[in-house]
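Here's the structure we're looking at; comments come further down.
The values are calculated or read from the model by the stated rules, or taken from the named source; none is laboratory data. Please read these numbers as outputs of a predicted model, since none were measured by experiment. Every residue, glycine as well, gets a Cβ built from its backbone with ideal geometry; the counts of neighbours run over all protein chains shown.
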Amino acid sequence: MSNNSASNSSLAIAQKAVKQLRLEASVRRIKVSQAAAELKTFCLQNAHKDPLLTGVPSSDNPFRPPKSCVLL
Amino acid sequence: MATQEVQLNETLAHLKTESETLKSKLEEERAKLHDVELHQVAEKVEGLGQFVMKTRRTLKGHGNKVLCMDWCKDKRRIVSSSQDGKVIVWDAFTTNKEHAVTMPCTWVMACAYAPSGCAVACGGLDNKCSVYPLSLDKNENLAAKKKSVAMHTNYLSACSFTNSDMQILTSSGDGTCALWDVESGQLLQSFHGHAADVLCLDLAPSETGNTFGQCIQSFETHESDINSVRYYPSGDAFASGSDDATCRLYDLRADREVAIYSKESIIFGVSSVDFSLSGRLLFGGYNDYTINVWDVLKGTRVSILFGHENRVSTLRVSPDGTAFSTGSWDHTLRV
């Protein structure tokens, strides 16, 4: 009966949802303090390599305003 | 028959209660580990000085809103796509247009540069992702060499090459993401789990495996559409930008949101986000025509950039981190 098959599919959906939640609940987690500390370390370690952070001297900046060429 | 139905209803109710308990257990577990805020950990970190970021280049040429852009690995080329159906490859240093392709549809919402720099992929309302090899011969008709790779049942919202030119990841309004082989156009893997349109995707920086597929974590704290997601450079976290005017940082190992970047004065949605090379800066393109730059660790706004005359629709930091480019509904791109 159509009623049956509709409830069957909602049953399947509910079963899938429970399975998914079980999976997510079993994920290994670390403390925020540890995760935050690692994010901070990564940032600081790479900060000197970050041109947007440290600024790029005009001579190296590929996007510096184009200098006009003087044809002699 | 009646008893079967009753049984079914009972099992359904039982499953429902189980899922409710699991959900609250999840919340509990996550809350237990929430012992400190990110900005508290970052208190001792030196603050960032004043930033002066100026528009160095303005790329004009699109006839309508710029919807998406991507950098080439050579750090100077950019591909952009627009509502006018055109996909243009620019040289950002000289502002020259190197290639232009006209798509058969308007609203090209996604475009990506291949890692080799030899091809671009794009798609939108045509529900497909097509790959165009770029040739140096200006006279060659690029559209003739087009290869249709992905087929979805709704619009294509984002696409990205994996580490090679041979595979493409796509996300669509039909709620799924899919991995395709470029050569054969075959569907390699499909990812379900979203309840509505998938608007954006990003690959972890170290993604080399080919067997991903299971949804392992899900995060629900935004109050509205999430328009953009971007992995943190270390791969352990990601940021998202949403119509609720906030950007949030989620840590994958702590399995929760660790920071919110918002201000009462910001009421317009975020259309796209990207990190600077070190992950210290988070750039957000907003619908109020501005770009806000956030200090990721401290949670404060570092700078606000003006320049576009309409909403910023897409934003990407260049591969070497020396610049970032934004595309906007004002038909231009700025570097």
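Side notes on the structure shown:
- Subset of the range B:301-335 that is out of contact with any Asp or Glu (no Cβ under 6 Å at 6 or more places or on another chain) and free of Cβ contacts under 8 Å to residues at least 24 places away in the same chain - its residue that is nearest to the other protein chains (Cβ to nearest Cβ): B:ILE304
- When B:ALA31 is tested against (1) assigned to a helix (DSSP H, G or I); (2) at the interface with chain A (Cβ under 7 Å from one of its Cβ atoms), just one condition goes unmet, and that condition is (2).
- Of all residues in the range B:65-74, none satisfies being among the basic types (Lys, Arg), facing another protein chain (nearest Cβ under 8 Å) and out of contact with any Pro (no Cβ under 7 Å at 6 or more places or on another chain).
- Subset of the range B:262-273 (residues that are buried (at least 23 other Cβ atoms within 10 Å of the Cβ) and not β-branched (Val, Ile, Thr)): B:SER271, B:SER272
- Looking only at residues of the range B:47-75 that are of a type in the set (Lys, Arg) and within 20 Å of the chain's Cα centre (by Cα), we find that the one that is nearest to B:GLY123 (Cα to Cα) is B:LYS65.
- Taking the numbered list (1) acidic (Asp, Glu); (2) at pLDDT below 75; (3) more than 20 Å from B:ARG253 (Cβ to Cβ) in turn, B:ASP225 passes all entries but (2).
- The residue that is farthest from B:LYS25 (Cα to Cα), counting only those in the range A:25-37 that are within 7 Å of chain B (Cβ to nearest Cβ) and at pLDDT 75 or above, is A:ALA37.
- Candidates B:VAL52, B:VAL45 - the one that is surrounded by 13 or more Cβ atoms within 10 Å (Cβ to Cβ), at pLDDT below 80 and in a loop (DSSP other than H, G, I, E, B): B:VAL45
- Test: B:LEU12 is within 7 Å of chain A (Cβ to nearest Cβ), more than 30 Å from B:ARG253 (Cβ to Cβ) and in a helix (DSSP H, G or I): yes
- All positions within the range B:254-285 that are at the interface with chain A (Cβ under 9 Å from one of its Cβ atoms), in a strand (DSSP E or B) and among the hydrophobic types (A, V, I, L, M, F, W, C): B:VAL258, B:ALA259, B:LEU281, B:PHE283
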